[in-house]
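The values are calculated or read from the model by the stated rules, or taken from the named source; none is laboratory data. Keep in mind the model is a prediction, meaning the values are calculated, not measured. Virtual Cβ from ideal backbone geometry, glycine too; neighbours counted across all protein chains shown. The accessibility values were calculated without ligands, DNA or RNA, using every heavy atom of the protein model including side chains. Shrake-Rupley method; radii C 1.70, N 1.55, O 1.52, S 1.80 Å.
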Amino acid sequence: MNLAVNFPALLVTVPLIFVPVIPLLGLINRKICWYAAVLAITASFAMIMTILAKVSTEGPISYHLGNWAPPIGIEYRIDMLNAFVLAVISFISLVSLLFGKELVEKEVPEYKHPAFYSVFILFVVGMTGMTVTGDLFNVYVFLEITSLSGYALIATSKKRYAPMASFNYLVIGTLAATFIVLGIGYLYMVTGTLNMADLAERIKPLNGSSVVLTAYALILMGILIKMAVFPLHLWLPDAYTYSPSAVSAAMAATSTKVGAYVLIRLMFSVFDIEYHVGSVPITGIIIFFASLSIVMGSVIAIAQTNIKKMLAYSSVGQIGYILLAAAMVNAEALTGGVMHIFSHALMKGGLFFVVGLIVYNIGSERISDFAGIGRRMPFTAAAFTIFSLSIIGIPLTVGFVSKWYLVLGAISSGHWYAIGVILLSSLLTAIYFGKVIFVMYFKGGHDDHGHAPAAKLSEPMGMVIPMAFVAFLCIYFGIFATFPVELAAKAAEAVLGGVTWK
Amino acid sequence: MIDFIAAKYNYLICVCLMMIGFYAVIAKQNLMKKIIGLSIFQTSVFLFYISMAKVTDGTAPIVWEGAVRYDNPLPHVLILTAIVVSVSTTAVAIALMINIYKAYGTIEDSKIREIEAGESGGSVSR
């Protein structure tokens, strides 16, 4: 019996076993919980990297749970797109766990730590499960696992408004998930299957059926709420602002990306491509809302005085890029979109951590209170600057690479106004990040009369090293972009070419 | 019209229930009422699944002599899972509500907003 064959199932179940174990360990010693959590995520990450290597050389893996052949049994199906998204989720979760240790100790009451790490693992398990599965109902179940653990994580914060932010997210998130499950019900009614690959076959003769279109609309609505695309984003700013920084980092970097993955998977692998270019202008509608999200997210971000809210609205804008890439339906744009899943996860995760550290030290989330941080916390401010430049899309950073492919895709598919939107948004992004960088480096902390600048603030080594590492990756993959871009291009090819899923 | 209602009444009931739940979630200020609305909203979808599993002349999907046809058991199983999810959602929501009550002393959405706006000088944007 070869263990490696069972990795697709084990990468979900092994961390899942740790979920009840961690609170039990917490009864013995609260300090072990963090190590156990790191062990769980590391195990999952190692398995995912093995699978990624295998998929990129040998092609997609289909794993039948309990040896029941699909479409009757549940299938875990991994092609390049899944594998790539899995690697991103797992890597970012691992980094946030390593990075977040000190922040969690500061922001979450100590008696909650065992529960916190346990729920954090559950959150990651939900996301990996959503990504790895080839069964539509499984997507719903894992989506709810992710969401429920997400609500709990937000509410662990000491801030007074946190449970209310979490409650609002719960109400909106549950509505979204119920829309998705209703849409799945419609699809099951007309096709009698829940397996994605099987569904794709059976949906083809139903082209133009109003039931399928309704199902598509319901599922799309649910996913767009989960992705926080502009008019449906209201839960996101509060959820990110009032949660502990480690949680906002992990959520901003991963959970909306998984929504984007599910959307790409459904658009290209389940629903026939003709739905997007046929009589109903679905792609046109998605492109409209993606553009609206990109512009409005950036415009509202400029007006924010709270740094975490600014980053949250920036996320609303950035998720629009991935949506835009998916809706343009061509290889280059989709490469850019998949690449943006990776680069935005790095940049936004990094930004939330940096901000978490600064906020902890100065005790304020107002941008105007960041004056002099450039001198008082030099490493942190430098990392913030690198991440910001990357989000703006300055060349030699990873953010530039994904935007470059997006623009190429927009040119080759003739969406000229999309290029305008991308450029306009880069400008707006430069304004709101420029404002923060200006305050950090050029305001306060120094004067012309040689007075000593304010004392330096602590930057624990345990946080500087992961921060520097992520910032280094941001630049490294910006210069030597071949490796992630090749993976992203293979992923785009896998879903567009119909090689693996049809 | 009557024929349509007679043939599809189960789905119409689902839609009515769904809208009742949706209305409660949107319009009610009391958080407990929102949770109740959310439960009704979810339950309507469960009913939708259960009613589509019914096959004409079908009986319960248990092997017994004299059975002509069986109902489709798969939606039943799916909904068992979904009910578990729904119960967990309600549990988490109520737990959050208790914490909200501890923090603010009220579970009226508008009052919480007033308190929050009063404390932070109106900086809680919405």
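Looking across A:340, A:415, one residue alone is open to solvent by 30 Å² or more (accessible area, probe 1.4 Å) and under 30 Å from residue A:269 (Cα atoms). It is A:415.
Restricting attention to segment B:1-21, which residues are among the hydrophobic types (A, V, I, L, M, F, W, C) and closer than 17 Å to residue B:45 by Cβ?
Quick first cut of segment B:1-21, residues among the hydrophobic types (A, V, I, L, M, F, W, C) only: B:1-2, B:4-7, B:12-20.
Within segment B:1-21, B:12, B:13, B:14, B:15, B:16, B:17, B:18, B:19, B:20 meet the criteria.
Working only within segment A:4-16, note down all residues that are open to solvent by 40 Å² or more (accessible area, probe 1.4 Å) and under 24 Å from the mean Cα position of the chain (by Cα). Once the filter is applied, which keeps residues that are open to solvent by 40 Å² or more (accessible area, probe 1.4 Å) and under 24 Å from the mean Cα position of the chain (by Cα), segment A:4-16 yields A:10, A:13, A:16.
In this structure, residue A:129 qualifies as under 30 Å from residue B:86 (Cβ atoms) and crowded, with 19+ Cβ neighbours inside 10 Å. Scanning for something under 19 Å from residue A:116 (Cβ atoms), within 10 Å of chain B (Cβ to nearest Cβ) and touching a residue at least 12 places away in the same chain (Cβ under 8 Å), does segment A:168-183 turn up at least one residue? Yes. Is at least one residue of segment A:251-263 touching a Pro at 6+ places or on another chain (Cβ under 9 Å) and open to solvent by less than 10 Å² (accessible area, probe 1.4 Å)? For segment A:251-263, residues touching a Pro at 6+ places or on another chain (Cβ under 9 Å) and open to solvent by less than 10 Å² (accessible area, probe 1.4 Å): absent.
Do you know which of the residues in segment B:48-76 that are within 14 Å of chain A (Cβ to nearest Cβ) and not in a helix (DSSP H, G or I) is least open to solvent (accessible area, probe 1.4 Å)? Of everything passing the filter in segment B:48-76, B:53 is least open to solvent (accessible area, probe 1.4 Å). Among the residues examined, residue A:267 does not qualify as more than 27 Å from residue A:156 (Cβ to Cβ) and either open to solvent by 10 Å² or more (accessible area, probe 1.4 Å) or assigned to a loop (DSSP other than H, G, I, E, B) (or both).
Of everything in segment B:77-112 that's among the polar types (S, T, N, Q) and either more than 17 Å from residue A:172 (Cα to Cα) or more than 8 Å from chain A (Cβ to nearest Cβ) (or both), which residue is surrounded by the fewest Cβ atoms within 10 Å (Cβ to Cβ)? So, considering only residues that are among the polar types (S, T, N, Q) and either more than 17 Å from residue A:172 (Cα to Cα) or more than 8 Å from chain A (Cβ to nearest Cβ) (or both), the one surrounded by the fewest Cβ atoms within 10 Å (Cβ to Cβ) is B:110. Taking segment A:101-129 as the range and being under 30 Å from residue A:76 (Cα atoms) and away from chain B (no Cβ under 14 Å) as the test, the residues that pass are A:116, A:117, A:118, A:120, A:121, A:124, A:125, A:127, A:128.
Residue A:157 meets all of the listed conditions (1) assigned to a loop (DSSP other than H, G, I, E, B); (2) within 10 Å of another protein chain (Cβ to nearest Cβ) but one, namely (2). Name the one entry in A:240, A:321 that is within 14 Å of chain B (Cβ to nearest Cβ) and surrounded by 24 or more Cβ atoms within 10 Å (Cβ to Cβ). Every option except A:240 fails the conditions. From A:61, A:51, A:41, A:22, grab the single residue that is open to solvent by less than 60 Å² (accessible area, probe 1.4 Å), in contact with a Leu (Cβ under 6 Å, 6 or more places away or on another chain) and in contact (Cβ under 8 Å) with a residue 24 or more places away in the chain. None of the other options fit; the residue is A:41. Count of segment B:21-40 residues, restricted to those that are open to solvent by less than 50 Å² (accessible area, probe 1.4 Å) and under 12 Å from the mean Cα position of the chain (by Cα), is 8. Of all residue pairs spaced 6 or more apart or on separate chains, those with beta-carbon atoms under 8 Å, a first member in segment A:207-219 that is in a loop (DSSP other than H, G, I, E, B) and a second member that is open to solvent by 50 Å² or more (accessible area, probe 1.4 Å) are A:207/A:274; A:208/A:279; A:209/A:190.
Within segment A:133-154, being more than 8 Å from chain B (Cβ to nearest Cβ) and of a type in the set (Gly, Ala, Ser) holds for A:134, A:147, A:149, A:150.
Could you tell me whether residue A:196 is under 21 Å from residue A:288 (Cβ atoms), surrounded by 14 or more Cβ atoms within 10 Å (Cβ to Cβ) and of a type outside the set (Gly, Ala, Ser)?
No.
Would you check which residues across segment A:190-206 are of a type outside the set (Gly, Ala, Ser) and either part of a helix (DSSP H, G or I) or at pLDDT 90 or above (or both) and list them? Answer for segment A:190-206, where residues must be of a type outside the set (Gly, Ala, Ser) and either part of a helix (DSSP H, G or I) or at pLDDT 90 or above (or both): A:190, A:191, A:196, A:198, A:199, A:201, A:202, A:203, A:204, A:205, A:206.
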